[in-house]
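Only one structure is covered here, and it is reproduced in the block below.
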Amino acid sequence: MTDHELSSEDFGLEDEFDFDEEEYGDDDGEERLDLESMDVYQLLEVSVDSDTENDDRIVAVEKLIKLGSSSAAAIQWLMHSRHLHRLEGFDHRSEVNDLVTGLSLSAEDRTAGLKVIIEDTRLSDVDRASAFAKSLGDGPGRTARYGSLKPLIPTRNLIFGLEEMMSEGDPLPAIDVIREIAADRSLMGKERVRAVTALTDDGDCRDVAVELFQELLQDPTLVDAAARKDAEEWVNALGE
């Protein structure tokens, strides 16, 4: 319902509380979400939406846990890593935390849960990028994992999410992904350069940005003239 500004001339004092009961109804008469018809991706969206009613969120989380280990792992990671602290009300946070804590999940379940998040177009870019970064991990096999995960999210959305991770003050996991994008010769030059620019606003990351821009300029496969020009300009600007 659209809010309207009302002056004292619009109604008398005796009319101030004379609301239309049929229009406003009461809390018990509010239309509830049809959670029974929702799939995993929709339930994840509802679970982390700050506007979701507390009762609906609890039901959505419970359904995700019952649907299987991958969806249970997905909502556990989203809550513990991204959203639990954002929920309003201590009792509500505590209830959600109790639901997602102590689940019997294997390493394979957690990997599958992150994959669900990455491919969920209903979630924010930063949620998906954060799960992408977590999935890369460290050590051998990181490049192979990057290659297997890349088809699950458009590069543009991944870069947007990485930029938001940087703005949230979470640079270390973002840097790992940005390194992989910058080295990915299958991508367009402008995408590779754009990914590195996500590092330029963080003073602590500018040396890494210069390093990656210089590597791009030394890459003979970067033939896009505009992308090369952007990289050169960034190196000059960051070196001043």
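The values are calculated or read from the model by the stated rules, or taken from the named source; none is laboratory data. None of the values given here were measured: they were computed from a predicted structure. All Cβ positions, even for glycine, are placed from backbone atoms using ideal geometry, and neighbour counts span all protein chains on display. Keep in mind that these areas ignore ligands, DNA and RNA; they rest on the heavy atoms of the full protein, side chains included. Shrake-Rupley method; radii C 1.70, N 1.55, O 1.52, S 1.80 Å.
Around M38, with a cut-off of 11 angstrom between Cβ atoms, what is the net charge of the other residues, counting Lys and Arg +1 and Asp and Glu -1? Combined, the nearby Lys, Arg, Asp and Glu give -3. Comparing D49, D109, D204 in a Gaussian network model of the chain (Cα springs below 10 Å), the most mobile by mean-square fluctuation is D204.
In order along the stretch 208-214, phi translates into HN-Hα couplings of 5, 4, 4, 4, 6, 4, 5 Hz, rounded to whole numbers, per the Karplus curve 6.51 cos²θ - 1.76 cosθ + 1.60 with θ = phi - 60° and x for Gly and Pro.
From the square roots a ≥ b ≥ c of the eigenvalues of the alpha-carbon gyration tensor of the chain, which class results: rounded (a/c under 1.5), prolate (a/b over b/c), or oblate? Since a/c reaches 1.5 but b/c is at least a/b, the shape of the chain is classed as oblate. Accessible area ranking (1.4 Å probe, heavy atoms, ligands and nucleic acids excluded), largest first, for R82, R32, R145: R32, R145, R82. Solvent exposure of the chain, expressed per residue, is 59 Å² of accessible area, with all protein chains present and a 1.4 angstrom probe.
Cross-link list K66/K190; K66/K134; K63/K134: which exceed 32 angstrom alpha carbon to alpha carbon? Violating the 32 Å limit, Cα to Cα: K66/K190. Sorting the segments 148-156, 135-143 by their residues' average number of neighbouring beta-carbon atoms within 10 angstrom, most packed first, yields 148-156, 135-143. Each Lys and Arg Cβ is given +1 and each Asp and Glu Cβ -1; about its Cα centre, the stretch 83-160 then shows a dipole of about 480 debye. For the chain, the Cβ-based charge dipole about the Cα centre amounts to some 3160 debye (Lys, Arg positive; Asp, Glu negative; other atoms uncharged).
Among 90-96, 118-124, 70-76, sorting by the average number of other beta carbon atoms lying within 10 angstrom of each residue, highest first, gives 70-76, 118-124, 90-96. Which residue fluctuates most in the GNM of the chain (Cα springs below 10 Å): G161, G89, G113? Result: G89 has the largest fluctuation of those listed.
Shown for the stretch 91-240: the carbon plus sulfur share of the solvent-accessible area, taken with all protein chains present and a 1.4 angstrom probe, equals 47%. Placing unit charges on the Cβ atoms only, positive for Lys and Arg and negative for Asp and Glu, gives the stretch 113-194 a dipole magnitude near 380 debye about its Cα centre. Computed from backbone phi, the HN-Hα couplings of the stretch 47-61 come to 5, 9, 6, 5, 8, 5, 4, 3, 4, 5, 4, 4, 4, 4, 5 Hz, rounded to whole numbers (Karplus: 6.51 cos²θ - 1.76 cosθ + 1.60, θ = phi - 60°; Gly and Pro given as x).
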